[in-house]
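These notes concern the structure reproduced below.
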Amino acid sequence: MGKKNDNTLVKNASFLMVAALISKIIGMLYKSPLSTTLGSQSFALFQFAQNVYFILLMIASFSIPQAVSKIMAEKIAFHRYKDAQKVFYGALIYAAVAGGIVALICVFGAGILVPDSMANARLALQMLAPTIFMSGLCGVFRGYFQAYRNMMPTSISQIIEQIFVATFALLMSHVFIQHFSATGDMDLVHRWGAAGATMGTGAGVASALIFMLIVYGVNRKIIRKRIVNDRHSVNESMGHVMSNIVLIIMPILLSAFIYNVNGYINSYMYSGIMDIKGAAKDVIQTLYSEYGYYMTLINIPLTLASTAPTSMIPEVSAHYAMHDIEGANMKTDRATWISMLISIPAAVGLAVLSGPITRLIFPGTNGVGGQLLILGGITIILNGNSNITNGVLQGIGKPKLPMIHAAIALVADVIAMALLLVFTNLGVYTIVIAQIVYAVVMCLLNDRSIKKYMGYKNPWRSAYLSPFLASIPMGVVAGVVYYGLYALIHSNVICLGISVILAAVVYFIVTVTILVLSWDKIPAAIMMVLESAFTPTAAMGGFLGASVMKGIQSGIARGIFSNESGLGSAPIVAAAAKTKWSAEQGLISMTGTFIDTIIICTMTGLAVISSGLWTTELNGAVLTNGAFSQAFPLFGDYLITIALVLFAFTTILGWSYYGER
């Protein structure tokens with residue numbers, strides 16, 4: 001029974017993980033064409049309306065799925081299906097009432113929630129009122145099926161929602177802009193363009209709700225049968241059910257509100273104070289759109305940094321519960337190391353190539369978005385740290401401390417925003433500076449608390465300094481490659497495309513260095529490869545069916561992994577090339593495969609053999625990492641990990657281009 005439950009847990013987690021991944025990819029990709037369709041001012045209005053909507057949605061329906069699934073699952077475990085169904089009905093009432101009230105606030109309070117400098121965003125916000133109402137109801141249905149351990153409806157509905165969001169946002173914004181452009185009133189064009197984009201959000205939630213209703217209807221007979229056969233329910237009063245729902249939702253809602261409200265407050269203060277100082281509305285909106293570009297890009301590494309240490313937190317909690325403070329601190333060190341291994345290279349990479357990346361994803365940028373990336377890159381590292389310490393404090397039974405610290409950080413954030421906006425001319429940069437202040441205060445307060453309760457000291461040298469030192473050469477080479485080429489050919493796409501070979505270049509140089517340091521072992525390594533290939537053992541193995549099958553499987557997998565040969569993706573890029581002689585492009589494609597497989601893979605193999613670690617039980621990336629660590633004890637493992645992160649990131653960029661084509 002335990003094994004079955006484990007399998008169900010893994011299956012459900014896999015469904016949600018894949019759905020979340022697909023949803024995030026869709027959500028990221030459609031923002032680029034949307035920003036082009038809307039233009040900077042309409043995109044700024046859309047972003048502001050979305051920020052207000054996010055806060056209102058949090059108040060109306062945040063944590064409803066978790067609350068419904070938790071309370072219902074407890075009833076279902078004891079076969080109390082009538083009581084579970086009553087929880088479902090109670091949650092629908094709560095969602096309808098809360099969603100209805102907040103939706104009315106959205107409609108009639110738009111004039112208060114949106115400052116005058118962003119007045120054209122009020123229509124876009126009002127368009128989101130029905131979405132707020134529907135989101136709560138959709139959350140109840142998702143929680144209902146999660147309580148029965150069926151994550152498939154939630155997963156599919158999330159993907160459907162994002163598809164409709166992207167499709168309708170692009171379609172309706174284009175339709176409204178085309179329609180109102182004939183009037184010549186640009187305020188009208190901007191207002192309805194942003195409103196059209198927010199209609200995509202409504203269409204997405206509506207499609208997800210319809211899907212959940214269909215799934216519920218399909219399962220209605222089974223639901224009725226369970227209720228009819230129920231002999232265990234105690235017939236709880238609806239008042240008791242509603243109080244349980246509220247008691248579970250409110251603490252989560254309050255903490256989430258404190259953690260996230262600073263984004264809306266900062267945006268409101270920026271727009272309002274800049275308007276009071278006499279800044280033109282189009283300037284305020286244009287600069288705010290640049291902030292929107294910045295947030296879209298920086299959220300990618302922020303998400304990676306926040307998810308990396310998650311698996312370590314339960315282990316920290318377990319060690320602390322057993323009074324093993326040393327073990328808990330070791331796990332925290334490990335989580336910090338993993339997070340910084342992602343955060344620091346990402347911050348350095350975005351700082352070096354901020355402008356080119358922003359121009360690639362958002363061609364309409366005026367350059368401020370790239371400058372914001374340089375300034376705000378440090379928040380990736382700070383948020384990585386605070387995410388870990390938040391989790392640790394929650395894991396050791398101190399969940400109120402991060403919430404209190406967030407409230408203090410929010411006060412510091414608001415003070416910094418007010419002072420900078422009133423006494424300086426930094427404009428939109430104050431939002432990012434205030435975010436840095438917020439993150440620094442959170443890190444300091446959390447660090448103080450875990451020192452107090454765990455005697456913990458941050459591993460500055462191993463977790464922070466080493467990844468930073470290892471990131472410097474990669475950042476230098478990336479900058480030199482891009483900006484050097486750009487001075488010659490002035491093509492952002494080409495220069496950025498070439499500069500992403502940074503990881504391969506640095507990787508190759510370090511590999512050659514390993515080989516030079518182990519030069520006396522190279523002849524023996526080559527001889528071992530040749531001798532092993534032509535031994536009787538190798539010949540016999542070649543005739544074994546299992547070996548043949550494994551060889552084909554591994555060969556195809558590794559061939560695709562190293563250079564995508566045979567996958568059919570490379571022609572997407574090759575077909576887009578402009579050349580007078582088609583064979584020329586073919587030669588270029590062949591050269592890429594030659595470099596990847598013949599040069600890079602061969603050098604790696606020789607480095608591994610020279611290290612002597614091939615005789616151990618290590619394999620794959622761990623084996624390569626060991627070879628580099630042996631040659632460079634202080635930073636070899638960091639270089640390999642950072643190279644892999646950059647390989648993965650550039651692969652994401654490449655496949656994004658494939659999807660666009």
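Miscellaneous remarks
- Neighbours by Cβ (under 9 Å, 6+ apart or cross-chain): first from segment 405-422, free of Cβ contacts under 8 Å to residues at least 40 places away in the same chain; second outside any helix (DSSP H, G or I): L420/L426
- Residue list for segment 228-274, restricted to those being at pLDDT 85 or above, closer than 28 Å to I284 by Cα and not hydroxyl-bearing (S, T, Y): V261, N262, G263, I265, N266, M269, G272, I273, M274
- Residue ID - farthest from F48 (Cα to Cα), chosen from residues in segment 157-196 that are more than 27 Å from the chain's Cα centre (by Cα) and among the acidic types (D, E): D185
- Filter result for F48 (closer than 18 Å to L123 by Cα, open to solvent by 30 Å² or more (accessible area, probe 1.4 Å) and not basic (K, R)): no
- Exactly one residue out of A77, A91, A96 is of a type in the set (G, A, S) and more than 30 Å from A49 (Cβ to Cβ), and it is A77.
- Test: residue in segment 201-214 that is open to solvent by 40 Å² or more (accessible area, probe 1.4 Å), more than 29 Å from the chain's Cα centre (by Cα) and over 26 Å from Q126 (Cβ atoms): yes
- With respect to the conditions (1) crowded, with 24+ Cβ neighbours inside 10 Å; (2) at pLDDT 85 or above, I344 lacks only one, and its number is (2).
- Meets criteria (touching a residue at least 40 places away in the same chain (Cβ under 8 Å) and aliphatic (A, V, I, L, M)) for A60: yes
- Among the residues of segment 115-124, those that are open to solvent by 30 Å² or more (accessible area, probe 1.4 Å) and either among the aliphatic types (A, V, I, L, M) or closer than 16 Å to Y216 by Cβ (or both) comprise A119, L123.
- Within segment 54-68, being part of a helix (DSSP H, G or I) and open to solvent by less than 20 Å² (accessible area, probe 1.4 Å) holds for I55, L56, M58, A60, S61, I64, A67, V68.
- Filter result (over 14 Å from L302 (Cβ atoms) and either acidic (D, E) or in contact with a Gly (Cβ under 9 Å, 6 or more places away or on another chain) (or both)) within segment 335-344: A335, T336
- Residue within segment 241-256 that is within 30 Å of F48 (Cβ to Cβ) and among the β-branched types (V, I, T) present: yes
- Looking only at segment 454-489, residues that are open to solvent by 40 Å² or more (accessible area, probe 1.4 Å), modelled with pLDDT of 80 or more and either assigned to a loop (DSSP other than H, G, I, E, B) or basic (K, R) (or both) come to 2 in all.
- Scope segment 72-102; condition crowded, with 22+ Cβ neighbours inside 10 Å, within 19 Å of N150 (Cα to Cα) and aliphatic (A, V, I, L, M); matching residues: M72, A84, V87, A91
- Test: residue in segment 374-390 that is surrounded by fewer than 18 Cβ atoms within 10 Å (Cβ to Cβ), among the small types (G, A, S) and touching a residue at least 40 places away in the same chain (Cβ under 8 Å): no
- Answer residue from segment 125-179, given it is of a type in the set (G, A, S) and under 23 Å from Y94 (Cβ atoms) and is surrounded by the most Cβ atoms within 10 Å (Cβ to Cβ) among those: S135
- Test result for I105, under 28 Å from E236 (Cβ atoms), surrounded by fewer than 22 Cβ atoms within 10 Å (Cβ to Cβ) and modelled with pLDDT of 90 or more: no
- Counted as qualifying within segment 367-453 are the helices (runs of 4 or more DSSP H) with 1 or more residues that are under 18 Å from P301 (Cβ atoms) and touching a helix residue (DSSP H, G or I) at 6+ places or on another chain (Cβ under 6 Å), namely 368-376, 378-395.
- A search for C-beta distances below 8 Å between a residue of segment 353-372 that is more than 17 Å from S491 (Cα to Cα) and any residue that is open to solvent by 50 Å² or more (accessible area, probe 1.4 Å) and of a type in the set (F, W, Y), counting only pairs 6+ apart in sequence or on different chains, returns Q371/Y429; L372/Y429.
- Conditions (1) open to solvent by 60 Å² or more (accessible area, probe 1.4 Å); (2) under 25 Å from the mean Cα position of the chain (by Cα); number of the one not met by I112: (2)
The values are calculated or read from the model by the stated rules, or taken from the named source; none is laboratory data. Predicted model only: the values in this text are computed from it and were never measured. With ideal geometry, Cβ positions are generated from the backbone for all residues, glycine too; neighbour counts draw on all protein chains shown. Note: accessible area is taken over every heavy atom of the protein model, side chains too, but ligands, DNA and RNA are not part of it. Shrake-Rupley method; radii C 1.70, N 1.55, O 1.52, S 1.80 Å.
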